[in-house]
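Asker: Take a look at the following structure, please.
Please treat every number below as a calculation from the coordinates, not as lab data. These numbers were taken from a predicted model, which means no experiment stands behind them. Here the Cβ positions follow ideal geometry from the backbone for every residue, glycine too, while neighbour counts run over all protein chains shown.
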Amino acid sequence: MQSPYELLGGDAKVRELVTRFYDLMDAEPAYAGIRKLHKPDLSQARERLYLFLSGWLGGPQLYTERFGHPMLRARHLPFAIGTTERDLWLACMDRAMQETGIEQSLRQGLQQAFFKTADWMRNRAE
Ligand code: HEM
């Protein structure tokens, strides 16, 4: 069975998706609530989300090879994440998937998987 990584179109497409995701977060006032949690320079965030998603989608485990276990929840503890921040992240990602032309059924499946990961990152009652 093909992995989501393969269905998506592999490495270049993962990079394109992450680029669009952070370009949108940076440019759109709608996502200011999560943009402000990030450093002014998004280059490290861009690189690391790309490395992480490669493995998370079933492709090469680039993040783990470089940094070991992602410990994503622990790494997000410094940032206050409630349902508002979760939903902004998911909205930004869904738009990035639409704008990079990810086919609808794949996009919907990925959005459900992103929801689980984003929901698990919540660290503040709201
Ligand atoms: C739920 C809402 C989320 C918020 C508000 C959020 C916010 C952040 C912030 C502020 C950073 C630090 C970036 C920097 O260096 O400036 C970060 C890092 C990161 N985020 Fe998220 N994030 C969220 C969800 C997610 C999800 C769902 C994923 C994966 C599917 C993810 C993957 C990552 C990765 C891989 C890093 C880099 C970790 C590292 O090595 O330091 N995040 N996130």
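Asker: Name the residue farthest towards the positive end of the dipole of the chain from the options Ala32, Gly55, Leu72, assuming +1 on Cβ of Lys and Arg, -1 on Cβ of Asp and Glu, about the Cα centre.
Answerer: Value: Leu72.
Asker: Something else about it: State the percent of C-alpha pairs, over all pairs in the chain, separated by a distance greater than 17 angstrom.
Answerer: Every Cα pair in the chain considered, those over 17 Å come to 58 percent.
Asker: Next up: With +1 on each Lys and Arg Cβ and -1 on each Asp and Glu Cβ, and nothing else charged, work out how big the dipole of the chain is about its Cα centre, in Debye to the nearest 20.
Answerer: On the way: 17 positive and 16 negative charges, 85 e Å.
Magnitude of the dipole: close to 400 debye.
Asker: DSSP loop (so not H, G, I, E, B), at most 15 other Cβ within 10 Å: list which trypsin sites (Lys or Arg not before Pro) in the stretch 1-52 pass both filters. It would help to have the intermediate numbers written out before the result.
Answerer: Values: sites: Lys13, Arg15, Arg20, Arg35, Lys36, Arg46, Arg48; in loops: Lys36.
Those satisfying the criteria are Lys36.
Asker: Identify the trypsin sites (Lys or Arg not before Pro) of the stretch 95-126 meeting these criteria: DSSP loop state and at most 14 other C-beta atoms within 10 Å of the C-beta.
Answerer: On the way: sites: Arg95, Arg107, Lys116, Arg122, Arg124; in loops: Arg122, Arg124.
Loop-located and lightly packed - Arg124.
Asker: May I ask you to evaluate 6.51 cos²θ - 1.76 cosθ + 1.60, the Karplus curve with θ = phi - 60°, for each residue of the stretch 20-36 and list the ³J(HN,Hα) values in order in whole Hz, giving x for glycine and proline?
Answerer: Whole-Hz 3J(HN,Hα) from phi for the stretch 20-36: 5, 4, 6, 4, 5, 4, 6, 9, 9, x, 4, 9, 4, x, 9, 4, 5.
Asker: Separate question: Once you list every other residue whose beta carbon is under 10 Å from the beta carbon of Ala80, what net charge do they have if Lys and Arg are +1 and Asp and Glu are -1?
Answerer: Cβ neighbours under 10 Å give a net charge of 0.
Asker: If you place +1 on the Cβ of every Lys and Arg, -1 on the Cβ of every Asp and Glu, and leave all else neutral, what size is the dipole of the stretch 7-63 about its Cα centre, to the nearest 20 Debye?
Answerer: Around 120 debye, computed over the stretch 7-63.
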